[in-house]
1. Can you work out which of the residues in region 70-127 that are touching a Gly at 6+ places or on another chain (Cβ under 8 Å) and at positive phi is modelled with the lowest pLDDT?
2. Being among the hydrophobic types (A, V, I, L, M, F, W, C), touching a Cys at 6+ places or on another chain (Cβ under 7 Å), under 14 Å from C11 (Cα atoms) and surrounded by 16 or more Cβ atoms within 10 Å (Cβ to Cβ) is the requirement here; does L105 meet it?
3. Do any residues in region 121-137 that are of a type in the set (A, V, I, L, M, F, W, C) have Cβ atoms under 8 Å from those of residues that are surrounded by fewer than 22 Cβ atoms within 10 Å (Cβ to Cβ) and assigned to a helix (DSSP H, G or I), where the two are at least six apart or on different chains, and which pairs are they?
4. Somewhere in region 93-100, is a residue in a loop (DSSP other than H, G, I, E, B), more than 21 Å from H146 (Cα to Cα), touching a strand residue (DSSP E or B) at 6+ places or on another chain (Cβ under 9 Å) and not acidic (D, E)?
5. Hand me the list of helices (runs of 4 or more DSSP H) wholly inside region 116-208 holding 3 or more residues that are over 25 Å from E31 (Cβ atoms).
6. Give the number of residues within region 152-178 that are crowded, with 19+ Cβ neighbours inside 10 Å and not hydrophobic (A, V, I, L, M, F, W, C).
7. Does L74 satisfy the condition of being within 18 Å of L54 (Cα to Cα) and touching a residue at least 60 places away in the same chain (Cβ under 8 Å)?
8. Name the one entry in L124, L117 that is farther than 23 Å from S87 by Cβ, of a type in the set (A, V, I, L, M, F, W, C), exposed (fewer than 15 other Cβ atoms within 10 Å of the Cβ) and in contact with a Ser or Thr (Cβ under 8 Å, 6 or more places away or on another chain).
Amino acid sequence: MLPDPAMSGHCILIPAAGRSSRMQGRDKLLEVVDGQPLLRRQAMLALATRYPVLVTLAADRPARANAVSGLEGLSQIVVPDAAEGISASIRAGATWAAAQGAQGLMILLADLPELTLDDLKKLLQASEKEPKSVFRATDATGKPGHPVILPARLFQRLSGLHGDEGAKPVLASEKVTRIALPGRRATTDLDTPEDWSAWRERRKKPSP
């Protein structure tokens, strides 16, 4: 069980200001998963941890803002330099988390449709025990994926990131504790219509 969020200091960032450039006109964050737009599913998942949650959005994608409208406790900001890439969202998220006095920031990518609440709790519990460490989820084979949790001591470096590499430059210089999640939950990101079709076909098949 997680500590009372009022007594701890984690925040969760969902970067949702990207372009979905490989989706041939569709928006992967609006694809329906478990009966709702993927972005709304991820936001509800994050909110279920009872930690503060921020979604970063782009001004030219109002449908994403609509997808998460009405979710109590969810913070949203429009990132003016969203075209630069995911670093713009991470900068905004680090500034937001620092302003709240957070001891850690979970970066939860919006396009991982297999993640569960238990997965998020597993990482958050580990970070609560070692608040100065960096944690990263892997799939069952050990392949690095997401979410990632970065401690407050790295917020200033996150605020200086640029480009579309995300937190890779920061992670490269840190000792990272990896936490395995079942199956491919940490690495199943779907970037093309073909990816989505194949994933939906796999979901139809019963587990062996």
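1. G85
2. When the stated conditions are applied, L105 passes them.
3. V134/L154; V134/L171; F135/A126; A137/D119
4. yes
5. 117-129, 155-158, 168-172
6. 1
7. Taking the combined requirement at face value, the residue does not satisfy it.
8. L117
The values are calculated or read from the model by the stated rules, or taken from the named source; none is laboratory data. Because the structure is a prediction, the values reported are computed rather than measured. Glycine also receives a Cβ, built like all others from the backbone with ideal geometry; neighbour counts cover every protein chain displayed.
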